[in-house]
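Student: Okay, here's the structure, questions in a sec.
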Amino acid sequence: MTTLRFVLGDQLSRNVSALQDIDRARDIVLMAEVREEATYVRHHQQKIVLVLAAMRHFAASLRAEGIGVDYVPLDDAGNSGSFTGELRRALARHAVDRIVMTEPGEWRVWEMMLAWGRDFGVPVEIREDDRFLCSRTEFDRWAAGRQNLRLEFFYRYLRRQTGWLMTGDEPQGGRWNYDVENRKAIPRDLRIPTRRRFAPDAITREVMALVGQRFADHFGELESFGWAVTRADALAALRDFITVGLPQFGAYQDAMKTGEDWLFHAALSPYLNLGLLGAREVCEAALDAFRNGAAPLPAVEGFIRQILGWREYVRGVYWRQMPAYANTNFLKANRDLPAFYWTGQTGLNCLRECLAATRRNAYAHHIQRLMLTGNFALLAGIAPAQVEEWYLSVYADAYDWVELPNTHGMVLHADGGLLGSKPYAASGAYINRMSDYCAACAYDPKLKTGPKACPFNYLYWHFLIVNEEPLRSNPRLTMPYRTLARMTGERRQQIVAETQAFLNGL
Ligand code: FAD
Ligand code: DLZ
Ligand code: SF4
């Protein structure tokens with residue numbers, strides 16, 4: 001029996017379920033570089049390089065093991081440009097008895113896979129993606145019958161399941177959560193570590209040239225590419241983070257600083273999402289650092305919560321709620337995405353900094369995504385689908401399963417609060433407290449109205465005014481709505497007029 005094992009570009013793990021039980025003598029692994037995957041949204045040039053270069057290195061490592069790989073490069077003369085077309089062509093090249101795959105990370109591709117089972121006349125086995133710490137079935141079991149799917153309870157459930165940072169049934173240190181300690185701004189004299197980046201090798205340079213030719217009109221810088229594209233280098237990036245980033249990860253998790261693209265963040269999401277690193281091994285490396293005294297409990301707990309908590313949680317929500325999830329628009333937001341998201345040309349210094357980093361690295365850290373580009377899109381009432389397309393395009397770690405719940409749910413509240421109990425709306429005061437951006441800005445975060453006022457200030461109150469009906473009864477927004485109730489009609493009108501003038505000028 002010959003099996004065709006079709007491995008996708010974000011399934012680059014030797015232990016991925018599609019490769020388990022492989023018969024090296026008979027089976028064939030199919031990998032295909034296809035134009036459609038680079039253009040269904042116009043991905044950042046570095047993301048395309050990352051995926052294709054990592055695919056080529058992964059194929060080479062399988063071949064080195066004696067596994068037969070049928071690899072279709074992007075510039076193959078007959079390349080059909082799509083997964084479906086390449087699978088059809090592969091079936092014409094090889095006589096196979098069945099196709100084995102691991103479930104994909106996107107609903108779009110899931111639908112394709114179901115069609116392959118119907119259309120190709122060869123049995124298709126779709127296996128669970130068991131690289132996650134919580135299966136889709138287990139998430140559904142946990143979620144069943146709950147009115148609100150809150151991260152905190154899911155996270156506690158998984159802490160108990162894994163036994164990580166637990167003493168019996170209780171959290172180590174007596175607390176589940178060290179968020180209160182994790183909200184520090186960066187002191188002026190704090191040394192920010194330099195982070196390990198990786199010079200492209202010959203294979204990666206070849207992919208860079210190809211992407212430069214074919215996708216030159218896509219967003220993003222190509223030449224600054226410094227991502228790891230092999231498992232060995234991804235492991236080196238993990239070790240680097242555990243040594244220089246993790247000890248201070250918690251304290252400065254919500255901080256932002258001009259010119260510091262990585263701060264103490266892991267910058268490991270592209271590798272986790274591609275499969276070069278596993279969630280379990282990343283968490284275990286952090287737990288080891290805690291046991292060895294190399295990182296304190298609040299830092300390690302904060303980090304574990306991101307992966308064991310948020311990463312697993314958003315995946316569970318995605319598969320449980322799709323496909324309807326993507327179509328909700330609780331706040332009826334419908335404005336077009338401003339062009340400056342692509343050009344970076346804006347007078348708002350915080351956004352300009354974040355957009356420049358995004359262009360440079362195909363990366364921005366969480367708080368930049370949430371409180372700068374995300375917060376602005378929420379306050380300005382940008383249509384969810386347009387914001388989602390932008391996030392899916394510009395970040396090296398972006399796949400629908402993780403990007404969509406973060407953008408649609410956490411940032412835009414378009415799901416009406418299924419994922420987060422309130423919208424993360426904030427005014428300029430928050431950005432000023434957590435960053436040094438305002439000092440170099442043409443606007444003043446302390447002014448609420450007038451030509452010099454920080455736009456986040458009037459946008460914030462305008463957002464509460466225009467969304468009073470859907471949001472007023474949210475218990476977590478009682479305080480701002482009380483303040484709004486005390487505002488004079490004249491002040492309200494001024495806010496609305498200034499916001500409208502600003503939005504019309506975008
Ligand atoms: P760290 O801050 O160091 O966190 C460690 C790890 O925890 C990350 O590598 C990541 O795997 C995980 N993690 C942290 N927060 C989240 C989260 N909210 N959801 C899922 N995993 C999380 N993350 C993606 O991987 N892909 C995306 O497409 C993506 N889109 C986002 C869109 C928006 C609007 C927002 C607000 C967040 C998004 N995130 C996304 C989550 C988060 O911003 C990134 O995972 C994080 O910035 C990656 O950088 P890091 O590795 O330095 O993370
Ligand atoms: C993101 C991406 C890109 C740019 N190119 C390819 C490709 O050429 N071949 C491939 O197998 N995968 C690619 N990917 C990753 C896929 O988009 C990803 O596997 C699906 O979205 C499912 O998660
Ligand atoms: Fe951003 Fe407002 Fe600060 Fe300018 S003043 S950097 S727009 S928060």
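Student: Is it the case that the stretch 340-349 has a residue that's buried (at least 22 other Cβ atoms within 10 Å of the Cβ) and either within 15 Å of ligand 2 (Cβ to nearest atom) or assigned to a helix (DSSP H, G or I) (or both)?
Tutor: Within the stretch 340-349, one or more residues are buried (at least 22 other Cβ atoms within 10 Å of the Cβ) and either within 15 Å of ligand 2 (Cβ to nearest atom) or assigned to a helix (DSSP H, G or I) (or both).
Student: Let me ask another. Which numbered condition in (1) in a loop (DSSP other than H, G, I, E, B); (2) touching a residue at least 24 places away in the same chain (Cβ under 8 Å); (3) out of contact with any Phe, Trp or Tyr (no Cβ under 9 Å at 6 or more places or on another chain) is the only one that Gly226 fails?
Tutor: (3)
Student: Looking at (1) within 16 Å of the chain's Cα centre (by Cα); (2) of a type outside the set (Phe, Trp, Tyr); (3) crowded, with 19+ Cβ neighbours inside 10 Å; (4) more than 30 Å from Arg141 (Cα to Cα), which is the one condition that is false for Glu389?
Tutor: That leaves (3) as the condition not met.
Student: Scan the stretch 252-267 for residues that are small (Gly, Ala, Ser) and surrounded by fewer than 22 Cβ atoms within 10 Å (Cβ to Cβ) and jot them down. Steps first, please.
Tutor: Residues of the stretch 252-267 that are small (Gly, Ala, Ser), as a first pass: 255, 259, 266-267.
Residue satisfying the conditions is Gly259 alone.
Student: Further question on the same structure: Could you grab me the full set of residues in the stretch 77-101 that are without any contact (Cβ under 8 Å) to a residue 60 or more places away in the chain, in a loop (DSSP other than H, G, I, E, B) and closer than 14 Å to Leu30 by Cα? Give the steps one after another, and end with the answer.
Tutor: Initial filter on the stretch 77-101 (without any contact (Cβ under 8 Å) to a residue 60 or more places away in the chain): 77-82, 84-86, 88-89, 92-93.
After this cut, where a residue has to be in a loop (DSSP other than H, G, I, E, B) as well, the list is 77-82.
Residues satisfying the conditions are Asn79, Ser82.
Student: Can you pull out every residue in the stretch 68-92 that is over 19 Å from Gly117 (Cβ atoms) and more than 32 Å from the chain's Cα centre (by Cα)?
Tutor: If the condition is that a residue be over 19 Å from Gly117 (Cβ atoms) and more than 32 Å from the chain's Cα centre (by Cα), then Gly68, Ala77, Gly78 are the ones that fit.
Student: For the stretch 409-439: of the residues being over 21 Å from Ala326 (Cα atoms) and in contact with a Ser or Thr (Cβ under 7 Å, 6 or more places away or on another chain), which is nearest to ligand 3 (Cβ to nearest atom)?
Tutor: Top of the filtered list is Tyr437.
Student: Taking Val69, is it under 26 Å from Ala92 (Cβ atoms) and not in a helix (DSSP H, G or I)? Don't jump to the end; show me each part of the working.
Tutor: Details: under 26 Å from Ala92 (Cβ atoms): yes; not in a helix (DSSP H, G or I): yes.
Yes: the conditions hold for Val69.
Student: When the stretch 201-247 is examined, which residues are found to be farther than 15 Å from Val51 by Cβ and either β-branched (Val, Ile, Thr) or buried (at least 21 other Cβ atoms within 10 Å of the Cβ) (or both)?
Tutor: The answer is Phe219, Ala237, Leu238, Phe241, Ile242, Thr243, Val244, Gly245, Leu246.
Student: Further, regarding this structure: Leu308: touching a residue at least 12 places away in the same chain (Cβ under 8 Å), in contact with a Gly (Cβ under 7 Å, 6 or more places away or on another chain) and either on the phi < 0 side of the Ramachandran plot or acidic (Asp, Glu) (or both), yes or no? Let's see the steps before the verdict.
Tutor: On the way: touching a residue at least 12 places away in the same chain (Cβ under 8 Å): yes; in contact with a Gly (Cβ under 7 Å, 6 or more places away or on another chain): no; either on the phi < 0 side of the Ramachandran plot or acidic (Asp, Glu) (or both): yes.
Criteria not met by Leu308.
Student: Separate question: Looking for something under 22 Å from Val402 (Cα atoms), aliphatic (A, V, I, L, M) and at pLDDT 95 or above - is there at least one such residue anywhere in the stretch 64-71? Full working, then the answer.
Tutor: Here is the first cut: in the stretch 64-71, the residues under 22 Å from Val402 (Cα atoms) are none.
Scanning the stretch 64-71 turns up no residue that is under 22 Å from Val402 (Cα atoms), aliphatic (A, V, I, L, M) and at pLDDT 95 or above.
Student: Look at the stretch 32-51 and say how many of its residues are buried (at least 24 other Cβ atoms within 10 Å of the Cβ) and either within 20 Å of Arg88 (Cα to Cα) or more than 16 Å from ligand 1 (Cβ to nearest atom) (or both).
Tutor: Residues meeting the conditions: 3.
Student: Just checking, how many residues over the stretch 98-123 are more than 20 Å from Met322 (Cβ to Cβ) and crowded, with 18+ Cβ neighbours inside 10 Å?
Tutor: Selection size over the stretch 98-123: 2.
Student: To continue, here is another question. With the stretch 389-506 as the region, which helices (runs of 4 or more DSSP H) entirely inside it contain at least 3 residues that are more than 16 Å from ligand 1 (Cβ to nearest atom) and over 30 Å from Gly309 (Cβ atoms)? Walk me through it before giving the result.
Tutor: On the way: elements: 400-404, 428-434, 455-466, 468-471, 478-486, 489-504.
Where helices (runs of 4 or more DSSP H) fall fully within the stretch 389-506 and carry at least 3 residues being more than 16 Å from ligand 1 (Cβ to nearest atom) and over 30 Å from Gly309 (Cβ atoms), they are 455-466, 478-486, 489-504.
Student: Which residues, taken from the stretch 431-478, are among the acidic types (Asp, Glu) and more than 19 Å from Cys354 (Cα to Cα)? Please lay out each step first, then the result.
Tutor: Filtering the stretch 431-478 down to residues among the acidic types (Asp, Glu) leaves 436, 444, 468-469.
Residues satisfying the conditions are Glu468, Glu469.
The values are calculated or read from the model by the stated rules, or taken from the named source; none is laboratory data. Source: prediction; values computed, not measured. Don't worry about glycine lacking a Cβ; one is built from the backbone with ideal geometry, like all the others, and counts go over all protein chains shown.
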